[in-house]
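The values are calculated or read from the model by the stated rules, or taken from the named source; none is laboratory data. Quantities reported herein were computed from a predicted structural model and do not represent experimental measurements. Backbone-built Cβ (ideal geometry, glycine too); neighbour counts: all protein chains shown. The accessibility values were calculated without ligands, DNA or RNA, using every heavy atom of the protein model including side chains. Shrake-Rupley method; radii C 1.70, N 1.55, O 1.52, S 1.80 Å.
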Amino acid sequence: MEKIYGNQYLLDTLSAMVLSGRAAHTVLFYGERGSGRKLMARYYTALLLCEAPTDGRPCGKCNACVNGEKNLHPDIIYAETSGKLGGYSVETARSICSDAFIKPNNSSGRKIYIFRDCHNMDVRTQNTLLKIIEEPPDYAHFIFTCESKSDFLPTIISRCVCFGTSLCTEEDSRAALAERGFAPAQIDDAVSCFHGNIGRCIDYLSNEKLRQTVDLTKRATDSIIKRDEYTLNVTLFGLGRERSDVRDTLIMLDMLVRDAAVLNKDKNARTIGCWREGAEALASMITAGQSERIHQYIENAWSTIECNVSIPLALSALCGEIISCL
């Protein structure tokens, strides 16, 4: 299994749970995209199934560990997504509820069901799963990953052991990227954009689409700095009609607005966005109050898009609101 950077307290907690014989049957890992929540899900799965754990850690060598890493273990079931938004259907939930009563066939006597990226899980699907996670068979374990606990119903959260994943240091990011063979210049570029978020740094260097999204975010920020509503409209129109692309760009733009507000108070503050120079320029021209209003405009724009309002219409309105606020 690949080396896990940071989150040491979480790793120790998971190991202690399993070693004490009190492994939680339903676990939720939540955190920022790229912060390692899916990696933690894999780690906990390996810990539950490992045939020869060493010092409270999966050995990485037994059949269960090797098959798990290769996605060949018959008792590790990844729930299937469906639809344009990649959600989980009621039919999938019902199928898993039925399958959970089929006993596992491995030395650990455990069976693991993993639901990844649950921000689009329908309420009906959650209600379908409620009974099985409330009273699961002794051998069944359910693992969910998402960005925020608010993605789930309170009734689901109350039956989960919830763990937040945290970002690493920039030094950890550099070490992880160097371990994967990236050049120093590439590492500097990725870390300047995504800092201690190792997953996003790797994605940035491996995925042309994410690099384009970062470029669009910088161009949009530059348009705001220049108070150029036309160019801002053109830039955001270039996002297209895929909600995931729009969401990524709005999140990154919002981070830069947050950075501007922080730098307004402390010029040496640590930033979290993808362009510190842009945030500094933005901080020199807007107040913290204006930053807060722009943040709210971005939040409202995404909310309207989630309610199926036309994406170009919502983004055009956002442009007008931002420029009028300056």
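Testing the spin-label approximation: label points 7 Å from Cα along Cα→Cβ at Thr54 and Lys3. State their distance in nm.
Here the modelled spin labels are 1.5 nm apart.
Could you put Lys226, Lys111 in order of accessible surface area, largest first, with the 1.4 Å probe and the full protein assembly present?
Details: Lys226 135, Lys111 10 Å².
I get Lys226, Lys111, largest accessible area first.
What whole-number value in Å² describes the accessible area per residue of the chain for a 1.4 Å probe?
49 Å²
Please calculate the 1.4 Å probe accessible area of Leu39, with all protein chains present, and give it to the nearest 10 Å².
Counting only protein heavy atoms, the figure is 30 Å².
So which GluC sites (Glu not before Pro) in region 67-101 pass both tests, a DSSP loop state and at most 13 other Cβ atoms within 10 Å of the Cβ?
Passing both the DSSP loop test and the Cβ count: Glu80.
What is the sum of charges around Tyr297, taking Lys and Arg as +1, Asp and Glu as -1, for the other residues whose C-beta is under 11 Å from the C-beta of Tyr297?
Once all neighbours under 11 Å are counted, the net charge is -3.
Which one, Leu256, Ala178, Leu313, is farthest towards the positive end of the dipole of the chain when Lys and Arg carry +1 and Asp and Glu -1 on their Cβ?
Highest projection toward the positive end goes to Ala178.
What per residue convex hull volume, in Å³, comes out for the chain when only alpha-carbon positions are used? Walk me through the numbers on the way to the answer.
Values: hull volume 47.0 nm³, N = 326.
Once divided by residue count, the hull of the chain is 144 Å³.
Can you tell me how region 159-212 classifies by the Cα gyration tensor, rounded, prolate or oblate, using a/c under 1.5 as the rounded cut? Could the numbers behind the result be given before it?
Details: a/c = 2.53, a/b = 1.72, b/c = 1.48.
In terms of gyration-tensor shape, prolate.
Mean Kyte-Doolittle of at least -0.5 and a Cα length of 30 Å or more along the axis: which whole DSSP H helices of the chain meet both?
243-265
Sum up the charges of everything whose Cβ sits under 14 Å from the Cβ of Leu326, counting Lys and Arg as +1 and Asp and Glu as -1, but leave Leu326 out. Mind showing how you got there, number by number?
Details: positive: Lys226, Arg227, Arg293; negative: Asp222, Asp228, Glu229, Glu292, Glu321.
Here the count lands on -2.
I want the local charge near Asp75. Using Cβ-Cβ distances under 10 Å, sum +1 for each Lys or Arg and -1 for each Asp or Glu among the other residues.
+3
How large a share of the accessible area of the chain, in percent, is made up of carbon and sulfur atoms when the probe is 1.4 Å and the other protein chains stay in place?
Solvent-exposed carbon and sulfur of the chain make up 50 percent of the total.
Grab region 87-211 and count how many Lys pairs have their alpha-carbon atoms under 25 Å apart, sequence gap of 8 or more, or different chains.
Lysine pairs meeting both conditions in region 87-211 amount to 5.
Which of the trypsin sites (Lys or Arg not before Pro) across region 1-48 are loop residues per DSSP, with 14 or fewer other Cβ within 10 Å?
On the way: sites: Lys3, Arg22, Arg33, Arg37, Lys38, Arg42; in loops: Lys3, Arg22, Arg33.
Loop-located and lightly packed - Lys3, Arg22.
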